[in-house]
Every structure is written in C-alpha cells, then in structure tokens.
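For reference, the structure is listed below as structure tokens.
The values are calculated or read from the model by the stated rules, or taken from the named source; none is laboratory data. From a predicted model like this one, the values you see are computed outputs, not experimental measurements. Note: ideal-geometry Cβ built from the backbone for every residue, glycine included; neighbour counts use all protein chains shown. In case anyone asks, the SASA skips ligands and DNA or RNA and just uses the protein heavy atoms, side chains included. Shrake-Rupley method; radii C 1.70, N 1.55, O 1.52, S 1.80 Å.
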Amino acid sequence: VIFGMVTVLNFRSTRESIFSLGLFSNKWLLGAIVFSIALTVLFIYSSMNQALGLVPIGIYEWIEVIGLGILVFAGVEIYKIIKRKTEK
C-alpha cells in the first residue's frame, strides 16, 4: 500500500518533479492516500487482520517499508531529472 501510494503521488507527472507540481496541490489525492494508509493500518492492527489474513508488523518492518518508499520516490525523481535533461 505504501509503495502504491508513493507511486501514485510521484507519477502525477512523468516529467515534472513533485516539488514543482506542489506536494499538497491535489487535496483529493492526498486525502485518498491518507485514507488508504489509515485503513491499511486499521486492518493490520485490529481484530479484522485474522479474517483478512494479515499479520501485524513491528517497527523494523515499518522502517523497511518507509525506507523502500523513500527509495522509490527518489528513484522516480532522478528518472524525471534525467528525462528533462535528455529532452532538451
């Protein structure tokens, strides 16, 4: 879910940086991302996790997930920089 949300946020444009577009410029998208992450956390840590076949994860797993999300975010931004430079 985190990977998907980072990808959705980052690929609002395949050329322009998220920072030039404005990280908070699309309130609906941000709301959907927050809602999705909140539901995921709710499902993982509530009694519904057994019905859905989910297992609660610890702090180290969250660090891994967030770290991978940051790597994906950075990788896409680097791709966009290279794409803009090669198009000129």
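Straight-line reach from Lys83: which aspartates and glutamates have Cα under 13 Å away, leaving out those fewer than 8 places along the same chain?
Correct list for Lys83: Glu16.
Nearest 0.05, what FRET efficiency do Tyr79 and Ser47 give at R0 = 35 Å with Cβ-Cβ as r?
Working: r = 41 Å, r/R0 = 1.18.
In this case the efficiency is close to 0.25.
Against the empirical 2.2 N^0.38 Å scaling, what ratio does the C-alpha Rg of the range 9-54 come to?
On the way: Rg = 15.0 Å, N = 46, 2.2 N^0.38 = 9.4 Å.
Taking N as the residue count of the range 9-54, the ratio is 1.59.
At R0 = 35 Å, how high is the FRET efficiency between Lys88 and Glu61 if r is their beta carbon distance? Nearest 0.05 is fine.
That pair, Lys88 with Glu61, gives E of 0.25.
Taking the Kirkwood radius as the inverse of the mean 1/r across Cα pairs, report the Rg/Rh of the chain. Don't jump to the answer; show the numbers that get you there.
Details: Rg = 15.8 Å, Rh = 14.6 Å.
We get a ratio of 1.08 for the chain.
Normalising by the residue count of the chain, find the relative contact order in percent from Cα pairs under 8 Å and 6+ residues apart.
Numbers: 47 pairs, mean separation 41.7, N = 88.
Value for the chain: 47 percent.
With a cap of 14 neighbouring Cβ atoms within 10 Å, and only residues DSSP puts in a loop, list the GluC sites (Glu not before Pro) found in the range 1-87. Provide the component values of the computation, followed by the final result.
Values: sites: Glu16, Glu61, Glu64, Glu77, Glu87; in loops: Glu16.
Hits after loop and neighbour filter: Glu16.
Protein chains only, probe 1.4 Å: how do Met48, Met5 rank by accessible area, largest first?
Met48, Met5
Take the Cβ-Cβ distance between Thr14 and Leu71 as r, set R0 to 25 Å, and report the resulting FRET efficiency rounded to the nearest 0.05. Don't skip to the answer; put the middle values down first.
Numbers: r = 19 Å, r/R0 = 0.74.
Taking R0 as 25 Å, the efficiency between Thr14 and Leu71 is 0.85.
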